[in-house]
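Peer 1: The following block contains the structure, expressed as structure tokens.
We did not get these values from a lab; they are worked out from the coordinates using the rules stated. Keep in mind it's a predicted model, so treat the numbers as computed, not measured. Neighbour counts run over all protein chains shown; Cβ positions are idealised from the backbone, glycine included.
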Amino acid sequence: MPGATLSRWTPSYFAAAVLFLLAAEVLMTLGIGYPAAALQAPETLIVVHFITIGWLSLLMCGALFQFVPVLVAKPIYSNRLPLPALLLILAGLAPLTGSFLQLGGYHSSEPHCFIVASVLLGSGFSLVLWNLGRTLWDARPLTLPARFVTVGLFCVAATVTFGIVFLLAFGGFVTVPFLLDLKAQGVPLHVIAGLGGWLTFTAMGVSHRLLAMFMLSPELDGPATRWTFYLGTLSLALVIAAGTAAIGIGYGLDFALAAACVTGLACLALYGRDVLQLYRKRVRRVIELNSRMASIALINLAAAILLAIACAILGILERHIGALVFLFTFGWLTGLGLAKLYKIAAFVTWLECYGPVLGKTPTPRVQDLVVEPRAIKWFWFYFAAVAIGTLCLLAEASLPFRVAAAAMTVATAGIAFELLRTRRLVNVSDALRLPAGARRPRLFFTFVPG
């Protein structure tokens, strides 16, 4: 494939994302944030935003810059915008952390932190939205996976908007009654738009394409898959649009959230059916590590949903919401992210290094860049630690949870080391590593002509 199919700064997004994941896990190991502190405590908010912005959002942005062009068969609108977007988001996380520390009384009042964080993060995500949005707009009519991504981009816009309103309200810059009501009642909308819309719904769309591509399964575009999209879109619209309207006219969120829950569960059930079809109809009988570990992440998603339903029936949902969010975030989203990152890192590295010499000289396969028997131990260690951590949170056992968090940190570091080895071509035999004309990949960027 030509080098133009590569996203220049995707490796930088991935590197920054993994560092934030490790930082968040270290903080949990040290007892900072939930469960040692309340769910809405400033310390918890720091850990949460390290995960949601620093890890998951940067991972998703880097992946979309690489794979949206694949979804729409068009080049990315700009290969230059991802770098300033990344720098703005990284810069915005510093004053955001300072804002949370101020709320916790750790330093004197510095109201400019709230404004600077809002401007930097808003600008960074605006560049991401503009770049991906223009790419999708120029590729109309969109394929079904691309439509999932489009809805996900609307959701990240809503998530960032909610977050900016909250920040400015905390800083004392908001006096409009509606915005103050939104700050007081809108946290569920912010969380669902981010975790459910931006991260999960987008991941659902991309995974339809990636699972089919990596397992050699026929792509799904039938009525059931389209209804997955329709129901998910309706659910997110009920949360974001109807929920915001309900706050604006003084109604509670109960009806909007209940209706969204019903349509959302139907959407996830159909998505589960789609995934099972992809696994059953695959041509590649022995599937690669990334697809096997993605299946474990999907099992964690199902477990989180069933656990949430059980807690709701028993009337203990609010008590265990932290454990549910932990399982959803680390078992599902992070598990899927690490699994796909393991494959994407190898694919991007292979494409960059050996793409220019394909057909001219013997080259390794993508699978020759990795050593799955060694890496799988780290993935099983990670998922086992997440399961134990979830049980500790359900049992309200804070100290054992910190031990589980330490195990997650070690496992993540092991996976990160495997990614580094892949990027440096350490696993490739000497005879095939760098044939004439091949490019030695750099850690933080790829070679893209023009």
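Peer 1: Just one of the numbered conditions (1) assigned to a helix (DSSP H, G or I); (2) crowded, with 17+ Cβ neighbours inside 10 Å is not true of PRO84; which one?
Peer 2: It fails just one condition, (2).
Peer 1: Run LEU96 past the list (1) under 24 Å from SER207 (Cα atoms); (2) touching a residue at least 60 places away in the same chain (Cβ under 8 Å); (3) buried (at least 23 other Cβ atoms within 10 Å of the Cβ) and report the number of the one that doesn't hold.
Peer 2: (1)
Peer 1: Here's another thing I want to ask about it. Within region 166-194, take every residue that is buried (at least 21 other Cβ atoms within 10 Å of the Cβ) and of a type in the set (A, V, I, L, M) and give me the one that is nearest to LEU136 (Cα to Cα).
Peer 2: Out of the qualifying residues, it is ALA193.
Peer 1: Same structure again: For TYR13, indicate whether it is part of a loop (DSSP other than H, G, I, E, B) and not basic (Lys, Arg).
Peer 2: no
Peer 1: Of all residues in region 340-361, how many are farther than 16 Å from GLN66 by Cβ and surrounded by 22 or more Cβ atoms within 10 Å (Cβ to Cβ)? Steps first, please.
Peer 2: Start the filter on region 340-361 by keeping residues that are farther than 16 Å from GLN66 by Cβ, which leaves 354, 356-361.
Then keep just the ones that are surrounded by 22 or more Cβ atoms within 10 Å (Cβ to Cβ); that gives 354.
Result for region 340-361: 1.
Peer 1: If you don't mind, there's one more thing I want to ask. Pull up region 355-368, narrow it to residues that are in a helix (DSSP H, G or I) and farther than 9 Å from LEU432 by Cβ, then point me to the one that is farthest from the chain's Cα centre (by Cα). If you could, list the steps in order and put the result at the bottom.
Peer 2: The initial filter retains those residues of region 355-368 that are in a helix (DSSP H, G or I), namely 355-357, 366-368.
Narrowing further to those that are farther than 9 Å from LEU432 by Cβ: 355-357, 366-367.
Values: GLY355: 28, PRO356: 31, VAL357: 33, VAL366: 24, GLN367: 24 Å.
Of everything passing the filter in region 355-368, VAL357 is farthest from the chain's Cα centre (by Cα).
Peer 1: What number of residues within region 253-277 are touching a residue at least 24 places away in the same chain (Cβ under 8 Å) and out of contact with any Ser or Thr (no Cβ under 9 Å at 6 or more places or on another chain)?
Peer 2: Summing the residues that are touching a residue at least 24 places away in the same chain (Cβ under 8 Å) and out of contact with any Ser or Thr (no Cβ under 9 Å at 6 or more places or on another chain) in region 253-277 gives 3.
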